[in-house]
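All remarks here apply to the structure that follows.
Throughout, read-outs are computed from the coordinates displayed, never taken from laboratory work. Bear in mind that the values here come from a model prediction, so they are computed numbers and not experimental data. In this analysis, Cβ positions are derived from the backbone assuming ideal geometry, glycine residues included, and neighbour counts consider all displayed protein chains.
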Amino acid sequence: LWNTCQFATMNVVFAVKQYISKMIEDSGPGMKVLLMDKETTGIVSMVYTQSEILQKEVYLFERIDSQNREIMKHLKAICFLRPTKENVDYMIQELRRPKYSIYFIYFSNVISKSDVKSLAEADEQEVVAEVQEFYGDYIAVNPHLFSLNILGCCQGRNWDPAQLSRTTQGLTALLLSLKKCPMIRYQLSSEAAKRLAECVKQVITKEYELFEFRRTEVPPLLLILDRCDDAITPLLNQWTYQAMVHELLGINNNRIDLSRVPGISKDLREVVLSAENDEFYANNMYLNFAEIGSNIKNLMEDFQKKKPKEQQKLESIADMKAFVENYPQFKKMSGTVSKHVTVVGELSRLVSERNLLEVSEVEQELACQNDHSSALQNVKRLLQNPKVTEFDAARLVMLYALHYERHSSNSLPGLMMDLRNKGVSEKYRKLVSAVVEYGGKRVRGSDLFSPKDAVAITKQFLKGLKGVENVYTQHQPFLHETLDHLIKGKLKENLYPYLGPSTLRDRPQDIIVFVIGGATYEEALTVYNLNRTTPGVRIVLGGTTVHNTKSFLEEVLASGLHSRSKESSQATSRSASRR
């Protein structure tokens, strides 16, 4: 499905999966325990199911920080850990009193010589078979999308030092796992982008031996961007399956919490959506909601056809044998059907309960059109509608505030009054100015709203003619234009300079884009489509996290930028308790 062979070198799921397989293979035959930390547990769970790992003789999964692990000398231990001081200390304690027969230790990133020495000194019983670095130090979400699960990476416009260090590690591990030593470009308008570019470059220079890969004709390119440049994309409702599930239900390491769904059955309170082992999801994750509906119907009908007609059929031994042989597949299929029917049913319920078709149409108008009076009228109309939640009402006003920030007839004060009259909480009302502070005109290095030339204007016009089905998906993330220019060799160097003296004369082929402040599933879809339609170009997208509107607003709050407005005293207390 994913053209694994063709994309092996630019497929992050494949890269992490290979590391895990190799760890398990290298430990040889016999029963094993997999010892992980909080982060590596998430990293592994994204690419392997427990049952897949069980088939490889790994019978136990333990956390290095759990105190009451039993001594099991008949097990080999495969340790997969981030190289933090804390983990090294846990490992030293473990080796002083080993619970397992032999240890294969893998760190997910570069480990210092002094830490290796400390481990060697603790290994008095000589139970360590090997210590290696396997660079799976990031969350592989889709084959071309990765995340570091960091929410709130900056304080104001500058990095939180701990998050800068974690992001540098994650990004350099990604490069090592894909075997890329890239040239680096960054968004000039962002101090944070330049800082991260410098930190990545420092690691590449310091660890130059690790980065000595076979040179390709055209060197790979790392492009570092800042979320501030496009605060519109993470504020929009979504209509393709993966993006919509994240927007309305929230995806956390492929898991969806359905416990709040009315009348949900026990076994569906949490479901896993992973393209790796769910064919329906893999085939539908980028399709829009209308198509998903009819595909679910086909899935149901297919299921009904295959459903065993036990009574009438199980007459001979052969019938029974056939039934038993098909049963695991049948059971898996029934699980898939009920899972997707539940998820799509809940999306459907939320769409009608929150009037999202109408809301989304106006969001798209705010993001893509330039008709101020029509936009204002439509926002005002929706703010009067009792079905529109305070969350969606505030989101509409945020989009208006960003788009028409400097419009001569800007009516933001009136809309803020409308929010107040609607009973929208102060938290959301304050976020309107915070979002403009975060991603307004003063901050952006680019022109987010106006079509750039006659061709673009014509394209917009033609897009408008495509008809109603596309009214909800007119918007293209700003990233689309950036990558389009990059691929054509037209991305302006005065806006996206190279780090260091060298520049790339040829058009780039392998591109890694990283968004500080978080990427989105809509942008992942853009990258997926560019990969599909541009021969010879392979793009991987990453971000400090993958946002929906809710988490994006938390990111804005965490940055503390709103504290520059009136309520600075409250803001300081809030930013002190940042996660």
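Give me Trp239, Trp159 sorted ascending by neighbouring Cβ count inside 10 Å, so fewest comes first.
Numbers: Trp239 24, Trp159 20.
Fewest-to-most Cβ neighbours within 10 Å comes out as Trp159, Trp239.
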query = Under unit Cβ charges (Lys, Arg +1; Asp, Glu -1), what dipole magnitude, rounded to 20 debye, does region 179-225 have relative to its Cα centre?
reply = 80 debye
In sequence order, calculated HN-Hα J values of region 520-537 (Karplus, 6.51, -1.76, 1.60; Hz; x Gly/Pro) = 9, 5, 5, 5, 4, 5, 4, 5, 4, 5, 5, 4, 6, 9, 10, x, x, 10
task = May I ask you to derive the FRET efficiency for Gln202 and His485 from their Cβ-Cβ distance with R0 = 22 Å, giving the value to the nearest 0.05?
result = 0.20
query = For the chain, what is the charge dipole size about the Cα centre, in debye to the nearest 20, if Lys and Arg each add +1 at the Cβ and Asp and Glu each add -1 at the Cβ?
reply = 820 debye
ask   = Reachable lysines from Lys305, Cα under 22 Å, same-chain residues fewer than 8 places away excluded?
value = Lys297, Lys313, Lys321, Lys331, Lys332, Lys339
query = For region 510-556, what does the alpha-carbon gyration tensor say about shape, rounded, prolate or oblate, given a ≥ b ≥ c as the root eigenvalues, a/c under 1.5 as rounded, and a/b over b/c as prolate?
reply = oblate
note = Expected vector for region 407-416, Karplus 3J(HN,Hα) from phi with 6.51, -1.76, 1.60 and θ = phi - 60°, integer Hz, x for Gly and Pro, equals 6, 4, 9, 3, 10, 4, x, x, 5, 5
inquiry  = Can you give me the long-range amide H partners of Thr216? Hydrogens built in the peptide plane at 1.01 Å from N, cutoff under 5 Å, separation of 5 or more residues or another chain.
reply    = none
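So for Leu258, Leu419, fewest C-beta neighbours within 10 Å to most, what's the order? Write out the running numbers ahead of the final one.
Numbers: Leu258 17, Leu419 21.
The fewest-first ordering by Cβ neighbours comes to Leu258, Leu419.
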task = State, to one decimal in nm, how far the label point of Ser165 lies from the label point of Asn494, with both points 7 Å from Cα in the Cβ direction.
result = 3.9 nm
note = Result: in region 4-134 the number of Lys pairs with C-alpha under 17 Å apart, spaced 8 or more or on different chains, is 14
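At 10 °C and 1.306 mPa s, what whole-number value in µm²/s does Stokes-Einstein give for the translational diffusion of region 157-227, with Rh from the Kirkwood sum over Cα pairs?
Numbers: Rh = 12.6 Å.
Roughly 126 µm²/s, to the nearest whole number.
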message = Counting only helical runs of four or more DSSP H residues, what would the 222 nm mean residue ellipticity of the chain come to if each run contributes -39,500 (n - 2.57) and the total is spread over all its residues?
response = -15000 deg cm²/dmol
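Give me the extension gain from Arg442 to Asp506: residue separation times 0.36 nm, minus the current Cα-Cα distance, reported in nm with one decimal.
On the way: separation 64, 0.36 × 64 = 23.04 nm, distance 3.31 nm.
Taking 0.36 nm per residue and subtracting the Cα distance, the gain is 19.7 nm.
Among Asp371, Asp137, which comes first, then next, by fewest other beta-carbon atoms within 10 Å?
Details: Asp371 10, Asp137 27.
Least to most surrounded, the residues fall as Asp371, Asp137.
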query = Mind listing P(r) for the chain? All alpha-carbon pairs, 20 Å bins, whole percents.
reply = 19, 50, 28, 4, 0
remark   = Taking 0.36 nm per residue of separation between Glu405 and Asn277 and subtracting their Cα-Cα distance, the length gained on full extension comes to 41.5 nm
key: Karplus 3J(HN,Hα) series, Hz, for region 41-56 with 6.51 cos²θ - 1.76 cosθ + 1.60 (x for Gly, Pro)   = 4, x, 4, 5, 5, 6, 10, 9, 7, 4, 5, 5, 6, 4, 5, 9
ask   = Rounded, prolate or oblate: which fits region 42-176, taking a ≥ b ≥ c as square roots of the Cα gyration tensor eigenvalues, rounded meaning a/c under 1.5, else prolate when a/b beats b/c?
value = oblate
query = Taking 0.36 nm per intervening residue step and subtracting the Cα-Cα distance, what contour gain separates Ser348 from Lys331 on full extension?
reply = 3.6 nm
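Considering only the chain, what is the antiparallel percent among its DSSP beta bridges, to the nearest 5? Can you show the working numbers first?
On the way: 12 of 54 bridges.
If we restrict to bridges inside the chain, about 20 percent are antiparallel.
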request  = About the Cα centre of region 191-255, how large is the charge dipole given +1 on each Lys and Arg Cβ and -1 on each Asp and Glu Cβ? Please answer in debye to the nearest 20.
outcome  = 140 debye
task = Please work out the Cα center distance from region 365-403 to region 189-223, rounded to the nearest Å.
result = 42 Å
ask   = What FRET efficiency would be calculated for the residue pair Met31, Arg214, taking the C-beta separation as r and a Förster radius of 35 Å, to the nearest 0.05?
value = 0.35
task = Pull up all non-local amide H partners of Gly542: gap of 5 or more, or a different chain, and H-to-H distance under 5 Å with H placed in the peptide plane.
result = Phe146, Val513, Phe514, Val515
ask   = Given H placed 1.01 Å from N in the peptide plane, which residues other than close sequence neighbours of Glu133 have an amide H under 5 Å from its amide H?
value = Phe107
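Checking the a/c ratio against 1.5 first, then a/b against b/c, what shape does the Cα gyration tensor give for region 1-99? Spell out each step's value before the answer.
On the way: a/c = 2.43, a/b = 1.66, b/c = 1.46.
Prolate shape, in that a/c is at least 1.5 and a/b is the bigger ratio.
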